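So that we are looking at the same thing, I have put the structure below in structure tokens.
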Amino acid sequence: RYDSDAPISEAGWVTPSFEKPRELFGNHLLPGKKLPAPPAANPVIEIAPVALTHVAPVMDNLGTPVKESGAPKTMEFYDQSRGCIDYRTTLPAGPAGTLDARDVHDFAWVFVNGKLAGVMDRRSKHFRVKLPARTAPAQLDILVEAMGRVNFGAEIFDRKGLHAPVTFAPITGGAATELKGWDIFRLPLDDAELAALKFQPVLGAVSGPAFWGGHFTVAKPGDTFLDMRGWGKGVVWGNGHCLGRFWDIGPQQTMYCPGPWLKAGKNNIVILDLVGPRDPKVAGLAKPILDQLRPELDFGRRVRASG
């Protein structure tokens, strides 16, 4: 709720928290002085719900990997400071077992042959995932999202990505084996990455992390608040401008989109959803939603359906 009690809102609106100090300052002005009126709010528009009709799965848009013969390193060692990063290696055929990482900053989704096996979560220090048995060598992907850096205290050196060692221990017993030999795919979520995405029309159910693309039409531009309640967790871009991150657990459920970033006519939108939407549509609201908590949607607490 970073915007719910600010003196000036994200959209530039004055709030009751603005009026109170303004009243206080007004009581201590020099004779003949008065405070200027606050500027008027920008025009606001609403946008009817539109479906995002194209998709670019993350795992199909990874680009060229960096080869790592030893243990995986954090993303800074691969000249990356933000975004996501995918670590890929091969698991030999064998029994089910447990995958362990020393640490993950900040969230990691673990996939075996493209199927989600579990989530690692820095909040709960849960860095262990059970993996299924394999009758043939299997592809292991660990997709890590960086959520911003700690800038105080003991964790000020907040290195993002996987922290080695990463080990696998078979359920049948025996010593854990450290996994080495990785392909590292950098996903900084910058302009170059977005421009290289290969979108396909949505022809059926889409599972797994993906970029969703679409467009909406505006008659006259104005500020709006994109309703993200049908989406999971990720990042939004409007006409190439990054609007910020969203997470369905709230309390913020809307993304502020400034009117100057819109244009009369066709406007493009791209949404990266790391867990998958329940309803891949977006609408523009006249007011933000900043106070709606939905902890039951937290992927750290439950297994959620794919979009």
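Quick one: which of Lys220/Lys266; Lys125/Lys160; Lys125/Lys180; Lys198/Lys263 span more than 21 angstrom between C-alpha atoms?
Listed pairs above 21 Å: Lys125/Lys180; Lys198/Lys263.
Compute for the stretch 1-115: radius of gyration divided by Kirkwood radius, i.e. Rg/Rh, restricted to C-alpha atoms, rounded to two decimals.
Details: Rg = 26.5 Å, Rh = 21.2 Å.
Result: Rg/Rh = 1.25.
Using only alpha-carbon positions, what ratio does the radius of gyration of the stretch 77-194 give when scaled by 2.2 N^0.38 Å? Don't skip to the end; give the middle numbers.
Working: Rg = 14.8 Å, N = 118, 2.2 N^0.38 = 13.5 Å.
Cα-based Rg divided by the globular estimate yields 1.10.
Here's a follow-up. For Leu274, tell me the accessible area in Å² from a 1.4 Å probe, rounded to the nearest 10.
Surface open to solvent at Leu274 totals about 10 Å².
Can you give the net charge of the other residues whose Cβ lies under 11 Å from the Cβ of Val55, counting K and R as +1 and D and E as -1? Walk me through the numbers on the way to the answer.
Values: positive: Lys198; negative: Asp60, Asp273.
For residues surrounding Val55, the net value is -1.
Taking the full set of protein chains and a 1.4 angstrom probe, give the accessible area of Ser9 in square angstrom, rounded to the nearest 10.
Using a 1.4 Å probe on the heavy atoms, I get roughly 20 Å².
Can you tell which of Asn151, Asn267, Asn239 shows the greatest fluctuation in a Gaussian network model of the chain with Cα springs below 10 Å?
Asn151
With r defined as the distance between the Cβ atoms of Leu203 and Val44 and R0 fixed at 35 Å, what FRET efficiency is calculated, to the nearest 0.05? Let's see the in-between values first.
Working: r = 36 Å, r/R0 = 1.02.
Computed FRET efficiency for Leu203 and Val44 comes out at 0.45.
In addition: Between the DSSP loop rule and a limit of at most 12 other Cβ atoms within 10 Å, which trypsin sites (Lys or Arg not before Pro) in the stretch 176-242 are left?
Lys198
Give me the Kirkwood hydrodynamic radius of the stretch 231-285 in Å, from all C-alpha pairs, to one decimal place?
After inverting the mean inverse Cα-Cα distance, the result is 11.9 Å.
What does the charge count near Trp237 come to, summing +1 for each Lys or Arg and -1 for each Asp or Glu among other residues with Cβ under 14 Å from its Cβ? Don't skip to the end; give the middle numbers.
Numbers: positive: Arg245; negative: Asp190, Asp191, Glu193, Asp273.
Net of charged neighbours comes to -3.
Kirkwood hydrodynamic radius (Cα pairs, Å) of the stretch 170-225? Working shown, then result.
Numbers: mean 1/r = 0.0586 Å⁻¹.
Across the stretch 170-225, the inverse of the average 1/r is 17.1 Å.
Let me ask something else about it. Give me D for the stretch 131-229 in µm² s⁻¹, whole number, from Stokes-Einstein with Rh from the Kirkwood sum over alpha-carbon pairs, 10 °C and 1.306 mPa s. Display every interim value, and only then the final one.
Details: Rh = 19.2 Å.
In µm²/s, the coefficient rounds to 83.
Sort Trp247, Trp261, Trp109 from largest to smallest accessible area, using a 1.4 Å probe on the heavy atoms of the protein chains.
Numbers: Trp247 45, Trp261 95, Trp109 10 Å².
Reading off the accessible areas and sorting them downward yields Trp261, Trp247, Trp109.
Now, a different point. When Lys and Arg each count +1 and Asp and Glu each count -1, what net charge do the other residues less than 14 Å away from Asp86, Cβ to Cβ, add up to? Spell out each step's value before the answer.
Working: positive: Lys67, Lys73, Arg88, Lys160, Arg186; negative: Asp60, Glu68, Asp141, Glu145, Asp183, Glu193.
Result for the neighbourhood of Asp86: -1.
Here's a follow-up. Kindly list the residues of the stretch 188-229 that lie in the label zone of Ala264, defined by a backbone N under 16 Å from the point 7 Å along the Cα-to-C-beta vector.
Once the point is set 7 Å along Cα→Cβ of Ala264, 217-223 turn out to lie under 16 Å by backbone N, inside the stretch 188-229.
Per residue, how big is the convex hull around the C-alpha atoms of the chain? Give it to me in cubic angstrom, could you? Working shown, then result.
Numbers: hull volume 50.6 nm³, N = 307.
About 165 Å³ per residue, rounded to a whole number.
Looking at the stretch 1-70, which trypsin sites (Lys or Arg not before Pro) are in a loop (DSSP not H, G, I, E or B) and have at most 15 other Cβ atoms within 10 Å?
Values: sites: Arg1, Arg22, Lys33, Lys34, Lys67; in loops: Arg1, Lys33, Lys34.
Sites meeting the loop and neighbour criteria: Arg1, Lys33, Lys34.
Please work out the average accessible area per residue across the stretch 153-195, using the 1.4 Å probe convention, and give it in Å². It would help to have the intermediate numbers written out before the result.
Values: 2260 Å² over 43 residues.
About 52 Å² of surface per residue is accessible.
Could you give me the radius of gyration and the Dmax of the stretch 181-286, taking only the C-alpha atoms into account and expressing both in angstrom?
Cα only, the stretch 181-286: 14.3, 54 Å (Rg, Dmax).
Cα-based Rg of the stretch 95-153 per 2.2 N^0.38 Å, rounded to two decimals?
1.26
Between the DSSP loop rule and a limit of at most 15 other Cβ atoms within 10 Å, which chymotrypsin sites (Phe, Trp or Tyr not before Pro) in the stretch 1-96 are left? Working shown, then result.
Numbers: sites: Tyr2, Trp13, Phe18, Phe25, Phe77, Tyr78, Tyr87; in loops: Tyr2, Trp13.
Filter output for the stretch 1-96: Tyr2.
Regarding the stretch 22-82, what is the average projected area of its C-alpha convex hull, in nm²? Write down the numbers at each step before the final one.
Working: hull surface 47.5 nm².
For the stretch 22-82, the mean projected area of the Cα convex hull comes to 11.9 nm².
The values are calculated or read from the model by the stated rules, or taken from the named source; none is laboratory data. Not measured: the values here are computed from a predicted model. Every residue, glycine as well, gets a Cβ built from its backbone with ideal geometry; the counts of neighbours run over all protein chains shown. Heads up: the accessible areas ignore ligands, DNA and RNA and are worked out on the full protein's heavy atoms, side chains in. Shrake-Rupley method; radii C 1.70, N 1.55, O 1.52, S 1.80 Å.
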